[in-house]
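Below is one structure, written out as structure tokens; comments come after it.
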Amino acid sequence: MTSWTPALAPDKPRYIAIADAIAADLTFGKLKAGDRLPPQRELAWRLGVTIGTITRAYQEAAKRGLLSGEVGRGSYLRDPRPNYAAAQSIANGAETGILDMQMSAPPRAIGAPDLEAGLSAITRNPGWPELLDYPPAQGLARHREAGAQWLARCGIDMAPDQVVLSAGAQAALVTCLSATTTPGERILIEPLTYPTMQPLCRQFGLQTRPLQNDAEGITPESLEHFAKRGEARIVYLVPTLQNPTTATLSLERRQAIADIIRRYDLTLIEDDVFRLLSDDPPPPIQTFAPERTYFITSLSKTTAPGLRMAFMAPPPGATEALNRQQMIIGGRPNGLSAELASRWIENGVAERALAGIREELQIRRDIALEHLRGLKVECRPGAMFAWITLPNYWRPGDFVAAALASGIKVTPGTVFVTDPSVQQNAIRACFGPAPAREMVRDAFEKLRGLIDKCPVDDCHTMA
């Protein structure tokens, strides 16, 4: 039904009127469930409104339960059903129209048919009630087998009975820290790192020591400098599409890091959740030092973040200790999530979702770089965010506030900094979770306009 042109009530905001028209035409049969709505640009032209208005209208309709959308397929009508969460949100005045570009999440690539088929297959299995029970400490065998299959996709050969299941990569990281560290000791981390890492270290009473880096990532020289002095025995790295710089360590550098870790008897926590988004990354560091490495991957960046499903490949002999820690901290995945994730890995849904996410991220990356041309930007192929250096006349906190006033949430570079002496006049903008490409385009148009606009009267004094 791509030719649909609604009649709009004149006394309402345009986006509300369009959403109301969708609801009315569904109710009275002019539209039916399964119809595809016109592309946003086409409907905007017909109605004489902006693409942003159509985007808001489709978002509003989706919140009412009238639309579903999938990456690259468009917006499809659903049967009108009560959407109590949306109704409560509107009643509470939570309809803000803010695009959140803070969350490092992928575009949505799992549609209702895959979810319905997966859940239906689960409930058709006579053994499904066990998924509602407390799982064994090590998880169910078939879930560990799926984990071994996904780890193999990452380049790691791990026997299923050695795989550790976790409720997401963050829970896996907490498990590794609780199993390998003691309060008061030091841990080596990147100078810019995953923002939750520092609060976790404080929670465990750990002192962080930032390594040095360059355009490729941390340098082996800085790692050996600390190792020689015996300043720390634990190292935490994100070697592929590093957060927030998107840097990826080369094969030679990974081998050098593994050599240092072995020679100085260090322990590595390798957080490689972005790995499968990269075109052709070198092998994990774990493959060069498996006896010294705790490797973490998950489905959050490659399939669906709501699954909360991660897999760990620990050093030989460490599996049982990690499973004990999982029980203590409550880090085990629930049975339903583990079962659904396992089925999607086995039947190819997870691989298909990964392919769709990679394709969509490339398109969105191109959109971002098109609008950021001429600026210093780090956004390597496969990344779901851009690391943008601001002009001297902007400070991260001021820019974040200005962006929010324009309807966009971005993250200031200061939250990634682990070395207090380092100033990062930058922001991170995630383009993965936006519901539509046009929203990404609109957001980067606004961000570029803000970046180019000096917030003070005399910018020459700040150059």
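The values are calculated or read from the model by the stated rules, or taken from the named source; none is laboratory data. As the structure is a computational prediction, the values presented were derived from the model and not from experiment. Ideal geometry is used to build each Cβ from the backbone, glycine not excepted, and the neighbour counts take in all protein chains shown.
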Practice problem: Give the residue that is farthest from Val377 (Cα to Cα), with candidates limited to residues of region 419-436 that are in contact with a helix residue (DSSP H, G or I) (Cβ under 7 Å, 6 or more places away or on another chain) and surrounded by fewer than 19 Cβ atoms within 10 Å (Cβ to Cβ). | Solution: Pro435
Exercise. Considering each of Arg186, Arg275, Arg233, Arg209 in turn, give the residue that is without any contact (Cβ under 8 Å) to a residue 24 or more places away in the chain, among the basic types (Lys, Arg) and in the same structural domain as Ser166 (by TED's automatic domain parsing).
Key: Arg209
Quiz item: With respect to Arg108, is the statement that it is within 30 Å of Ser406 (Cβ to Cβ), surrounded by fewer than 22 Cβ atoms within 10 Å (Cβ to Cβ), in contact (Cβ under 8 Å) with a residue 24 or more places away in the chain and among the basic types (Lys, Arg) true?
Solution: yes
Self-check item: Qualifying residues in region 374-411 (those that are closer than 24 Å to Pro435 by Cα and without any contact (Cβ under 8 Å) to a residue 40 or more places away in the chain) - the one surrounded by the fewest Cβ atoms within 10 Å (Cβ to Cβ)
Solution: Ala405
Quiz item: Taking region 262-287, which residues are surrounded by fewer than 23 Cβ atoms within 10 Å (Cβ to Cβ), outside any loop (DSSP other than H, G, I, E, B) and of a type in the set (D, E, K, R)?
Solution: Arg262, Arg263
Quiz item: Has region 354-367 got at least one residue that is buried (at least 16 other Cβ atoms within 10 Å of the Cβ) and either without any contact (Cβ under 8 Å) to a residue 40 or more places away in the chain or outside the structural domain of Glu438 (by TED's automatic domain parsing) (or both)?
Solution: no
Quiz item: Residues of region 389-419 being out of contact with any Pro (no Cβ under 9 Å at 6 or more places or on another chain) and farther than 29 Å from Arg56 by Cα, which ones?
Solution: Thr389, Pro391, Asn392
Exercise. List the number of the failed condition for Ser89; all other conditions in (1) assigned to a helix (DSSP H, G or I); (2) within 29 Å of Thr196 (Cβ to Cβ); (3) at pLDDT 80 or above hold.
Key: (3)
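This table checks each residue for (1) among the hydrophobic types (A, V, I, L, M, F, W, C); (2) crowded, with 19+ Cβ neighbours inside 10 Å.
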| position | (1), (2) |
| --- | --- |
| Val235 | yes, yes |
| Val238 | yes, yes |
| Ala247 | yes, yes |
| Glu252 | no, no |
| Ala289 | yes, yes |
| Ser298 | no, yes |
| Lys301 | no, yes |
| Ala310 | yes, yes |
| Ala321 | yes, no |
Exercise. Would you please list the contacts, defined by Cβ atoms under 9 Å and residues six or more apart or on different chains, that run from a residue in region 163-181 that is at positive phi to a residue that is assigned to a helix (DSSP H, G or I) and at pLDDT below 95?
Key: Gly168/Pro305; Gly168/Leu307
Quiz item: Which members of region 47-77 meet the condition of being modelled with pLDDT under 80 and within 21 Å of Arg358 (Cα to Cα)?
Solution: Ser68, Gly69, Glu70, Val71, Gly72, Arg73, Gly74
Quiz item: Picking from Leu31, Leu26, which residue would you name as being in contact with a helix residue (DSSP H, G or I) (Cβ under 6 Å, 6 or more places away or on another chain), over 17 Å from Asp442 (Cβ atoms) and either modelled with pLDDT of 85 or more or not small (Gly, Ala, Ser) (or both)?
Solution: Leu31
